[in-house]
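See structure below.
The values are calculated or read from the model by the stated rules, or taken from the named source; none is laboratory data. Worth saying up front: this structure is predicted, and the values here are computed from it rather than measured. Here Cβ is always computed from backbone atoms with ideal geometry, including for glycine, and neighbour counts include all displayed protein chains. Each accessible area value is taken on the protein alone, full model and side chains, heavy atoms only, with ligands, DNA and RNA left out. Shrake-Rupley method; radii C 1.70, N 1.55, O 1.52, S 1.80 Å.
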Amino acid sequence: MISLKEALKLSADEISALRAELKDKILKTKELGAYIEQLTGEALNISGEGVPIAIKDNIQVKDWSVTSASKILQGYVAPYDATVIKKLRKRGLAPFGRTNMDEFAMGSTTESSFYGKTLNPTDHSRVPGGSSGGSAAAVAANIAIAALGSDTGGSIRQPAAFCGCVGFKPSYGRVSRYGLAAYSSSLDQIGPITRSVEDAAILYDIIAGRDEMDSTSYAGAYESTADKLNGDCKLKIAVIKNYVDEASQQVKEALNLTIEKLKSFGHEIVYRDLCSSKYDIATYYIIATAEASANLSRYDGVRYGNRAKALNLKELYANTRGEGFGDEVKRRMLLGTFVLSSGYYDAYYIKAQKARAFIKSEYEEILKDADLIFMPIAPGVAYKFGELSDPLRAYLSDIYTIGVNLAGLPAISVPVAKNKEALNISAQLIGRAYDEQTVLDGGFNLENISKEL
């Protein structure tokens, strides 16, 4: 598949031919389920005439059905373009197909999707990751040049890692959330999934920027990154030793080999520890579910999507939500409502916000003395379907990614190795807030080094 960098140089006729070729490939790979259209048999959503970019099903595209992979939003048609979509169109790119996802971005496998699961292109018995599993699978299977996903607790980086792609989560506020279906408003961030770090930088440059429609949008200066990528810079990288040591044996071996390679290429490696990841898990799931409880209260059968049969308003709310939401969404909404309820707000939610401040300060302290932080993306390689049927085990699969969202920092997932079964292993690089350039430079270096492994 052509790179995004190359596609942006094509003539109008060449882009038209590329779109036709891509459409044909998507139709021929129906079994993968990366696109919702592959799972439903609907005509492929194609909007505009530019370079085709796959779009996660929680980003508004005018006149498209946008459902966040949920039954409750069946029949909803987006009345406007998200800011990122407007930016794509302005630069000669266009949305091309809705990628599958976990319902309302709640999950790590795409198994909670109303439409059915997406398969990992490397091994169809394994998950592609989530919640942006469809976006990552489409890129990895060469049925998308690049894709947009959203990252609340690792939902870009983890599926990119499982599928062998590059996944980039910008600093909170760098990319407008206007037009993104909210899961957890203080954690959500749109970002690119691509086949290379350079393509990730190019797509990031296109979608980043201040947006008056998003009150959390970063007000500082924005500079392009792709034209400044430096593959020769020497960086001081803090390896989180306790996180690397806690990973599975095959992940640990691959990461340690990568660390030695970084040393041999002149990068300075220091070792640091972060507080036990169990605190990240507890903090994240209290804050995220509390915000989800508030955000998803709008889906009541009155304004959006499906409306269940009912005799009165109370029944309307209960029946619509009972029939429309999947089990995982109900579980998280109930947990969020509980931690916000009278008598528990101080005991859980306020404590979680204090813990969040502590977690953020831990990252910032390490980054005072280092350019980047290095750690795993996940404890192991892509799981087999059904392996994480226990919700608690599923939540623990996010232990190395959620801290980044709590701290609002930029991070990138870069493939560094494959195990004996040819399953992908990736490393994560984390940088200072709003210092995307260093993160992308580090990722570019890591990508080049990994080709030597």
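Going by the structure shown, is Ala382 buried (at least 20 other Cβ atoms within 10 Å of the Cβ) and small (Gly, Ala, Ser)? Talk me through it step by step, then tell me what you get.
Values: buried (at least 20 other Cβ atoms within 10 Å of the Cβ): yes; small (Gly, Ala, Ser): yes.
Considered against the rule, which asks whether it is buried (at least 20 other Cβ atoms within 10 Å of the Cβ) and small (Gly, Ala, Ser), Ala382 comes out as yes.
Taking Ser68, is it at positive phi and surrounded by 17 or more Cβ atoms within 10 Å (Cβ to Cβ)? Talk me through it step by step, then tell me what you get.
Values: at positive phi: yes; surrounded by 17 or more Cβ atoms within 10 Å (Cβ to Cβ): yes.
Yes.
Looking at Gly75, Gly129, which is the one that is part of a loop (DSSP other than H, G, I, E, B), open to solvent by 10 Å² or more (accessible area, probe 1.4 Å) and either farther than 25 Å from Tyr204 by Cβ or in contact with a helix residue (DSSP H, G or I) (Cβ under 6 Å, 6 or more places away or on another chain) (or both)? If you could, list the steps in order and put the result at the bottom.
Working: Gly129 fails: open to solvent by 10 Å² or more (accessible area, probe 1.4 Å).
Exactly one of Gly75, Gly129 is part of a loop (DSSP other than H, G, I, E, B), open to solvent by 10 Å² or more (accessible area, probe 1.4 Å) and either farther than 25 Å from Tyr204 by Cβ or in contact with a helix residue (DSSP H, G or I) (Cβ under 6 Å, 6 or more places away or on another chain) (or both), namely Gly75.
So if I check each of Ile193, Ile202, which one is touching a residue at least 60 places away in the same chain (Cβ under 8 Å), open to solvent by 10 Å² or more (accessible area, probe 1.4 Å) and under 23 Å from Ala94 (Cβ atoms)? Write out each step before concluding.
Details: Ile193 fails: open to solvent by 10 Å² or more (accessible area, probe 1.4 Å).
Of the residues listed, the single one that is touching a residue at least 60 places away in the same chain (Cβ under 8 Å), open to solvent by 10 Å² or more (accessible area, probe 1.4 Å) and under 23 Å from Ala94 (Cβ atoms) is Ile202.
Could you pull out the residue among Leu180, Leu119 that is over 24 Å from Thr283 (Cα atoms) and either open to solvent by 10 Å² or more (accessible area, probe 1.4 Å) or modelled with pLDDT of 95 or more (or both)? So that I can check it myself, show each step before the final result.
Numbers: Leu180 fails: over 24 Å from Thr283 (Cα atoms).
After applying the criteria, what remains is Leu119.
For the range 130-148, give me each residue that is under 21 Å from Ala288 (Cβ atoms) and either modelled with pLDDT under 95 or over 17 Å from the mean Cα position of the chain (by Cα) (or both).
Gly130
Can you tell me which of (1) modelled with pLDDT under 95; (2) under 30 Å from Ala208 (Cβ atoms); (3) of a type outside the set (Gly, Ala, Ser) is the one Leu392 doesn't meet?
(2)
Per-residue answers, yes or no, for (1) closer than 21 Å to Val381 by Cβ; (2) open to solvent by 30 Å² or more (accessible area, probe 1.4 Å):
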position	(1), (2)
Asp227	no, yes
Cys233	no, no
Ile240	yes, no
Tyr243	yes, no
Ala254	yes, no
Val270	no, no
Ser276	no, yes
Tyr284	no, no
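List the residue pairs whose Cβ atoms are under 6 Å apart, where the first residue sits in the range 385-398 and is surrounded by 15 or more Cβ atoms within 10 Å (Cβ to Cβ), the second is of a type in the set (Ser, Thr, Tyr) and at pLDDT 70 or above, and the two are 6 or more positions apart or on different chains.
Pairs found: Ala394/Ser108; Ser397/Ser108.
Please determine, by comparing only the residues of the range 41-64 that are in a strand (DSSP E or B) and either modelled with pLDDT of 95 or more or hydroxyl-bearing (Ser, Thr, Tyr) (or both), which one is farthest from Thr99 (Cα to Cα). Even if it seems obvious, please write down each step before you answer.
Quick first cut of the range 41-64, residues in a strand (DSSP E or B) only: 46, 51-56, 59.
Among the residues that remain, those that are also either modelled with pLDDT of 95 or more or hydroxyl-bearing (Ser, Thr, Tyr) (or both) are: 51-56, 59.
Details: Val51: 16, Pro52: 13, Ile53: 10, Ala54: 7, Ile55: 6, Lys56: 5, Ile59: 10 Å.
Here the answer is Val51.
When you look at Ala352, is it aliphatic (A, V, I, L, M), open to solvent by 20 Å² or more (accessible area, probe 1.4 Å) and assigned to a helix (DSSP H, G or I), yes or no?
Values: aliphatic (A, V, I, L, M): yes; open to solvent by 20 Å² or more (accessible area, probe 1.4 Å): no; assigned to a helix (DSSP H, G or I): yes.
When the stated conditions are applied, Ala352 does not pass them.
Can you work out which of the residues in the range 212-225 that are open to solvent by 20 Å² or more (accessible area, probe 1.4 Å) and in contact (Cβ under 8 Å) with a residue 12 or more places away in the chain is farthest from Leu148 (Cα to Cα)?
First, pick out the residues of the range 212-225 that are open to solvent by 20 Å² or more (accessible area, probe 1.4 Å): 212-213, 215-216, 218-224.
Checking the rest, the ones that are also in contact (Cβ under 8 Å) with a residue 12 or more places away in the chain come to 213, 216, 218, 220, 222-224.
Values: Met213: 19, Thr216: 20, Tyr218: 19, Gly220: 23, Tyr222: 20, Glu223: 20, Ser224: 18 Å.
The extreme case among them is Gly220.
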